[in-house]
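A short write-up of the structure that comes next.
The values are calculated or read from the model by the stated rules, or taken from the named source; none is laboratory data. Small disclaimer: the values here were computed from a predicted structure and weren't measured. Ideal geometry is used to build each Cβ from the backbone, glycine not excepted, and the neighbour counts take in all protein chains shown. Keep in mind that these areas ignore ligands, DNA and RNA; they rest on the heavy atoms of the full protein, side chains included. Shrake-Rupley method; radii C 1.70, N 1.55, O 1.52, S 1.80 Å.
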Amino acid sequence: MSVIFWLISAITIAGALFAVILKNTVHCALALTVAFAGLALLFLGLDAQFAGFTEIMVYIGAVAILVVFAILLTRGSETPKDSVYSRFPVAGLVAAAGVFAVLGWAVLQSAGALPHAMQMPSATAKEIGYALVGRYVLPLEILALLLTVATIGAVIVALHEKEGK
Amino acid sequence: MTPLTAHLLVAALLFAIGLAGALTRRNAILVLIGIELMLNAANLNFIAFWRYSPHPEALTGMMFAIFSIAVAAAEAAVGLGLVIAIHRHLHSTDLDQMNRMKG
(Lines give C-alpha, C1' and ligand atoms only; values in the text may rest on other atoms or scores of the structure.)
Protein backbone atom coordinates (compact mmCIF):
# COMPACT_ATOMS: atom_id res chain seq x y z
CA MET A 1 0.00 0.00 0.00
CA SER A 2 1.19 3.47 -0.79
CA VAL A 3 2.40 6.00 1.73
CA ILE A 4 -0.37 8.39 0.71
CA PHE A 5 -3.08 5.86 1.68
CA TRP A 6 -1.62 5.38 5.16
CA LEU A 7 -1.19 9.15 5.58
CA ILE A 8 -4.83 9.83 4.65
CA SER A 9 -5.99 6.94 6.84
CA ALA A 10 -4.02 8.31 9.79
CA ILE A 11 -5.57 11.77 9.32
CA THR A 12 -9.08 10.26 9.04
CA ILE A 13 -8.69 8.08 12.13
CA ALA A 14 -7.13 10.92 14.14
CA GLY A 15 -10.05 13.17 13.16
CA ALA A 16 -12.58 10.51 14.16
CA LEU A 17 -10.78 9.86 17.43
CA PHE A 18 -10.67 13.55 18.36
CA ALA A 19 -14.34 13.88 17.34
CA VAL A 20 -15.34 11.43 20.06
CA ILE A 21 -12.84 12.24 22.85
CA LEU A 22 -12.59 16.06 22.89
CA LYS A 23 -14.48 17.83 25.67
CA ASN A 24 -15.70 20.90 23.82
CA THR A 25 -18.55 20.03 21.44
CA VAL A 26 -17.56 22.61 18.80
CA HIS A 27 -14.03 21.15 18.68
CA CYS A 28 -15.65 17.72 18.20
CA ALA A 29 -17.60 19.03 15.20
CA LEU A 30 -14.41 20.49 13.67
CA ALA A 31 -12.55 17.18 14.16
CA LEU A 32 -15.53 15.42 12.55
CA THR A 33 -15.11 17.66 9.49
CA VAL A 34 -11.45 16.56 9.25
CA ALA A 35 -12.56 12.91 9.41
CA PHE A 36 -15.14 13.49 6.64
CA ALA A 37 -12.51 15.21 4.46
CA GLY A 38 -10.15 12.28 4.98
CA LEU A 39 -12.91 9.84 4.03
CA ALA A 40 -13.62 11.84 0.86
CA LEU A 41 -9.89 11.60 0.01
CA LEU A 42 -10.01 7.83 0.59
CA PHE A 43 -12.98 7.61 -1.81
CA LEU A 44 -11.04 9.63 -4.40
CA GLY A 45 -8.07 7.27 -3.91
CA LEU A 46 -10.41 4.37 -4.72
CA ASP A 47 -11.26 6.01 -8.10
CA ALA A 48 -14.77 6.85 -6.90
CA GLN A 49 -14.76 10.50 -7.92
CA PHE A 50 -18.53 10.94 -7.80
CA ALA A 51 -18.84 9.40 -4.33
CA GLY A 52 -15.85 11.43 -3.08
CA PHE A 53 -17.26 14.76 -4.19
CA THR A 54 -20.73 13.75 -2.96
CA GLU A 55 -19.14 13.03 0.42
CA ILE A 56 -17.56 16.50 0.47
CA MET A 57 -20.80 18.24 -0.52
CA VAL A 58 -23.20 16.27 1.67
CA TYR A 59 -21.10 15.65 4.77
CA ILE A 60 -18.81 18.67 4.99
CA GLY A 61 -21.27 21.02 3.33
CA ALA A 62 -24.51 19.90 4.99
CA VAL A 63 -24.15 17.46 7.89
CA ALA A 64 -21.21 19.18 9.60
CA ILE A 65 -22.91 22.58 9.27
CA LEU A 66 -26.14 21.07 10.65
CA VAL A 67 -24.21 19.66 13.63
CA VAL A 68 -22.65 23.07 14.34
CA PHE A 69 -26.09 24.72 14.11
CA ALA A 70 -27.54 22.15 16.53
CA ILE A 71 -24.66 22.72 18.96
CA LEU A 72 -25.14 26.49 18.89
CA LEU A 73 -28.96 26.24 19.15
CA THR A 74 -28.66 24.00 22.23
CA ARG A 75 -26.02 26.23 23.88
CA GLY A 76 -23.56 23.35 23.93
CA SER A 77 -20.61 25.43 22.77
CA GLU A 78 -19.10 25.99 26.21
CA THR A 79 -16.94 23.25 27.72
CA PRO A 80 -18.97 21.29 30.30
CA LYS A 81 -17.60 21.31 33.83
CA ASP A 82 -18.67 17.83 34.88
CA SER A 83 -17.80 14.62 33.03
CA VAL A 84 -18.71 14.39 29.36
CA TYR A 85 -18.86 10.60 29.45
CA SER A 86 -21.77 8.40 30.46
CA ARG A 87 -21.88 6.57 33.78
CA PHE A 88 -20.32 3.36 32.51
CA PRO A 89 -17.83 4.39 29.80
CA VAL A 90 -15.70 1.27 30.33
CA ALA A 91 -18.57 -0.97 29.18
CA GLY A 92 -18.92 1.02 25.95
CA LEU A 93 -15.16 0.93 25.35
CA VAL A 94 -15.07 -2.84 25.92
CA ALA A 95 -17.99 -3.34 23.50
CA ALA A 96 -16.31 -1.19 20.81
CA ALA A 97 -12.96 -2.97 21.30
CA GLY A 98 -14.72 -6.32 21.04
CA VAL A 99 -16.45 -5.28 17.80
CA PHE A 100 -13.13 -4.09 16.35
CA ALA A 101 -11.41 -7.32 17.38
CA VAL A 102 -14.10 -9.45 15.70
CA LEU A 103 -14.15 -7.32 12.52
CA GLY A 104 -10.35 -7.22 12.27
CA TRP A 105 -10.08 -10.96 12.88
CA ALA A 106 -12.72 -11.65 10.20
CA VAL A 107 -10.97 -9.39 7.66
CA LEU A 108 -7.54 -10.90 8.31
CA GLN A 109 -8.86 -14.47 8.25
CA SER A 110 -10.64 -13.95 4.92
CA ALA A 111 -7.76 -12.02 3.30
CA GLY A 112 -7.04 -14.85 0.85
CA ALA A 113 -10.66 -15.22 -0.24
CA LEU A 114 -11.24 -11.51 -0.91
CA PRO A 115 -11.26 -10.43 -4.57
CA HIS A 116 -8.23 -8.50 -5.74
CA ALA A 117 -9.08 -7.44 -9.27
CA MET A 118 -6.64 -4.72 -10.24
CA GLN A 119 -8.17 -3.35 -13.42
CA MET A 120 -9.16 0.29 -13.30
CA PRO A 121 -12.96 0.59 -13.06
CA SER A 122 -14.58 3.50 -14.82
CA ALA A 123 -17.44 5.28 -13.09
CA THR A 124 -17.90 8.67 -14.67
CA ALA A 125 -20.72 10.95 -13.61
CA LYS A 126 -22.38 10.20 -16.98
CA GLU A 127 -22.47 6.44 -16.35
CA ILE A 128 -23.75 6.96 -12.81
CA GLY A 129 -26.43 9.30 -14.10
CA TYR A 130 -27.58 6.77 -16.72
CA ALA A 131 -27.65 4.04 -14.03
CA LEU A 132 -29.62 6.28 -11.66
CA VAL A 133 -32.39 7.02 -14.17
CA GLY A 134 -32.28 3.54 -15.70
CA ARG A 135 -31.76 0.51 -13.50
CA TYR A 136 -32.00 2.38 -10.16
CA VAL A 137 -34.87 4.75 -10.98
CA LEU A 138 -37.29 3.25 -8.43
CA PRO A 139 -34.86 3.54 -5.47
CA LEU A 140 -34.08 7.08 -6.64
CA GLU A 141 -37.75 8.07 -6.54
CA ILE A 142 -38.25 6.44 -3.12
CA LEU A 143 -35.15 8.26 -1.87
CA ALA A 144 -36.49 11.57 -3.18
CA LEU A 145 -39.74 10.96 -1.27
CA LEU A 146 -37.80 9.97 1.86
CA LEU A 147 -35.66 13.13 1.71
CA THR A 148 -38.73 15.33 1.26
CA VAL A 149 -40.58 13.67 4.15
CA ALA A 150 -37.49 13.77 6.39
CA THR A 151 -36.83 17.46 5.71
CA ILE A 152 -40.46 18.47 6.35
CA GLY A 153 -40.56 16.23 9.42
CA ALA A 154 -37.33 17.68 10.83
CA VAL A 155 -38.67 21.23 10.41
CA ILE A 156 -42.01 20.32 12.06
CA VAL A 157 -40.29 18.54 14.96
CA ALA A 158 -37.90 21.43 15.58
CA LEU A 159 -40.58 24.11 15.06
CA HIS A 160 -41.14 26.36 18.05
CA GLU A 161 -44.57 25.80 19.59
CA LYS A 162 -46.41 28.85 20.83
CA GLU A 163 -47.58 28.84 24.44
CA GLY A 164 -51.25 27.89 24.94
CA LYS A 165 -51.73 26.22 21.55
CA MET B 1 -1.51 -6.78 2.82
CA THR B 2 -3.73 -6.21 -0.19
CA PRO B 3 -5.31 -2.75 -0.70
CA LEU B 4 -8.78 -4.17 -0.04
CA THR B 5 -7.71 -5.63 3.32
CA ALA B 6 -6.10 -2.32 4.33
CA HIS B 7 -9.27 -0.39 3.46
CA LEU B 8 -11.44 -2.88 5.35
CA LEU B 9 -9.23 -2.59 8.43
CA VAL B 10 -9.38 1.23 8.33
CA ALA B 11 -13.17 1.01 8.00
CA ALA B 12 -13.36 -1.42 10.94
CA LEU B 13 -11.30 0.95 13.09
CA LEU B 14 -13.52 3.91 12.11
CA PHE B 15 -16.62 1.85 12.95
CA ALA B 16 -15.20 0.92 16.36
CA ILE B 17 -14.33 4.58 17.10
CA GLY B 18 -17.85 5.66 16.13
CA LEU B 19 -19.37 2.90 18.25
CA ALA B 20 -17.22 3.88 21.24
CA GLY B 21 -18.31 7.51 20.82
CA ALA B 22 -21.99 6.58 20.55
CA LEU B 23 -21.80 4.33 23.61
CA THR B 24 -19.70 6.46 25.96
CA ARG B 25 -20.72 10.08 25.35
CA ARG B 26 -23.36 11.89 27.38
CA ASN B 27 -24.30 14.59 24.85
CA ALA B 28 -26.97 13.53 22.32
CA ILE B 29 -25.26 15.45 19.49
CA LEU B 30 -22.00 13.56 20.12
CA VAL B 31 -23.91 10.27 19.95
CA LEU B 32 -25.24 11.35 16.53
CA ILE B 33 -21.65 12.17 15.47
CA GLY B 34 -20.64 8.63 16.46
CA ILE B 35 -23.49 7.18 14.38
CA GLU B 36 -22.41 9.28 11.38
CA LEU B 37 -18.87 7.90 11.71
CA MET B 38 -20.23 4.33 11.73
CA LEU B 39 -22.32 5.01 8.60
CA ASN B 40 -19.24 6.44 6.87
CA ALA B 41 -17.19 3.37 7.76
CA ALA B 42 -19.86 1.25 6.05
CA ASN B 43 -19.69 3.54 3.00
CA LEU B 44 -15.92 3.06 2.85
CA ASN B 45 -16.50 -0.71 2.82
CA PHE B 46 -18.99 -0.41 -0.05
CA ILE B 47 -16.63 1.73 -2.14
CA ALA B 48 -13.63 -0.52 -1.42
CA PHE B 49 -15.54 -3.68 -2.38
CA TRP B 50 -16.80 -1.94 -5.53
CA ARG B 51 -13.26 -0.88 -6.53
CA TYR B 52 -11.70 -4.33 -6.12
CA SER B 53 -14.68 -6.42 -7.25
CA PRO B 54 -14.44 -8.53 -10.43
CA HIS B 55 -17.32 -6.58 -12.01
CA PRO B 56 -17.02 -2.89 -11.07
CA GLU B 57 -18.91 -1.85 -14.24
CA ALA B 58 -22.19 -2.97 -12.56
CA LEU B 59 -21.77 0.04 -10.19
CA THR B 60 -23.61 -1.80 -7.40
CA GLY B 61 -21.36 -0.84 -4.49
CA MET B 62 -21.09 2.75 -5.72
CA MET B 63 -24.88 3.06 -5.97
CA PHE B 64 -25.32 1.57 -2.50
CA ALA B 65 -22.83 4.09 -1.07
CA ILE B 66 -24.55 7.03 -2.79
CA PHE B 67 -28.00 5.98 -1.53
CA SER B 68 -26.54 5.41 1.92
CA ILE B 69 -25.07 8.94 1.95
CA ALA B 70 -28.49 10.37 1.07
CA VAL B 71 -30.25 8.34 3.78
CA ALA B 72 -27.60 9.44 6.30
CA ALA B 73 -28.30 13.09 5.41
CA ALA B 74 -32.03 12.56 6.11
CA GLU B 75 -31.17 10.78 9.36
CA ALA B 76 -28.91 13.64 10.50
CA ALA B 77 -31.61 16.22 9.77
CA VAL B 78 -34.31 14.34 11.72
CA GLY B 79 -31.92 13.44 14.58
CA LEU B 80 -30.71 16.98 15.11
CA GLY B 81 -34.30 18.28 14.85
CA LEU B 82 -35.24 15.87 17.64
CA VAL B 83 -32.28 17.02 19.74
CA ILE B 84 -33.39 20.66 19.37
CA ALA B 85 -37.00 19.74 20.27
CA ILE B 86 -35.87 17.82 23.37
CA HIS B 87 -33.57 20.67 24.39
CA ARG B 88 -36.58 23.00 24.35
CA HIS B 89 -38.37 20.72 26.83
CA LEU B 90 -35.52 19.73 29.14
CA HIS B 91 -33.05 22.61 28.59
CA SER B 92 -30.35 19.97 28.27
CA THR B 93 -28.92 17.56 25.71
CA ASP B 94 -27.74 15.18 28.42
CA LEU B 95 -28.93 11.68 27.53
CA ASP B 96 -29.02 10.64 31.20
CA GLN B 97 -31.82 13.15 31.78
CA MET B 98 -33.92 11.86 28.85
CA ASN B 99 -35.55 9.08 30.87
CA ARG B 100 -39.25 9.83 30.33
CA MET B 101 -41.43 8.99 27.33
CA LYS B 102 -44.06 11.47 28.54
CA GLY B 103 -43.54 15.09 27.48
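When chain B is modelled as a GNM with alpha-carbon springs shorter than 10 Å, which of B:Ala41, B:Ala70, B:Ala12 fluctuates the most?
Largest GNM mean-square fluctuation: B:Ala70.
Explain nothing, just the number: dipole magnitude of the stretch A:25-165 about its Cα centre with +1 on each Lys and Arg Cβ and -1 on each Asp and Glu Cβ, in debye rounded to the nearest 20.
In total the dipole reaches around 180 debye.
Grab the Cα-Cα distance for A:Ala113 and A:Thr79, subtract it from 0.36 nm times how many residues apart they are, and report the gain in nm with one decimal.
7.4 nm
Please report the base-10 log of the normalised intensity I(q)/I(0) for the stretch B:2-103, using a Debye sum with one equal scatterer per alpha carbon and no solvent, at each q in 0.10, 0.12, 0.22, 0.24 (1/Å).
-0.38, -0.51, -1.09, -1.20
Could you order B:Thr24, A:Thr33 by accessible surface area, starting with the largest, using a probe radius of 1.4 Å?
The ranking, largest first, comes out as A:Thr33, B:Thr24.
Given a 1.4 Å probe and the protein chains all in place, what does the accessible area of A:His27 round to, in Å² to the nearest 10?
For A:His27, the solvent-accessible surface is approximately 90 Å².
Would you mind getting the accessible area per residue of the protein assembly as shown, heavy atoms of the protein chains only, 1.4 Å probe, in Å²?
52 Å²
Explain nothing, just compute: Karplus ³J(HN,Hα) = 6.51 cos²θ - 1.76 cosθ + 1.60, θ = phi - 60°, for every residue of the stretch A:26-39 in order, whole Hz, x for Gly and Pro.
So the Karplus estimates, Gly and Pro as x, are 5, 4, 4, 5, 5, 4, 4, 4, 4, 4, 5, 5, x, 5 Hz.
Probe radius 1.4 Å, ligands and nucleic acids left out: which of B:Met38, B:Met101, B:Met1 has the largest accessible area, and how do the rest follow?
Sorted by accessible area, descending: B:Met101, B:Met1, B:Met38.
Set the Förster distance to 45 Å, then compute FRET efficiency between A:Val133 and A:Phe88 from the Cβ-Cβ distance, nearest 0.05.
0.35
Could you give each residue of the stretch A:93-105 its phi-based ³J(HN,Hα) in whole Hz, using Karplus coefficients 6.51, -1.76, 1.60 with θ = phi - 60°, and x for Gly or Pro?
Whole-Hz 3J(HN,Hα) from phi for the stretch A:93-105: 5, 5, 4, 5, 5, x, 4, 5, 4, 5, 4, x, 4.
For the stretch B:50-62, just list the computed ³J(HN,Hα) in residue order, Karplus coefficients 6.51, -1.76 and 1.60, θ = phi - 60°, integers in Hz, with x standing in for Gly and Pro.
Those phi angles translate into 4, 5, 9, 7, x, 10, x, 5, 6, 6, 5, x, 4 Hz.
Please list B:Phe15, A:Phe36 in order of solvent-accessible area, largest first, computed with a 1.4 Å probe with all protein chains present.
Greatest to least solvent exposure: B:Phe15, A:Phe36.
Could you report the buried accessible area between B and A, both sides summed, computed with a 1.4 Å probe and given in Å² to the nearest 100?
6700 Å²
Quick one: pull the percent of accessible area on the protein assembly as shown belonging to carbon and sulfur, 1.4 Å probe, ligands and nucleic acids left out.
74 percent
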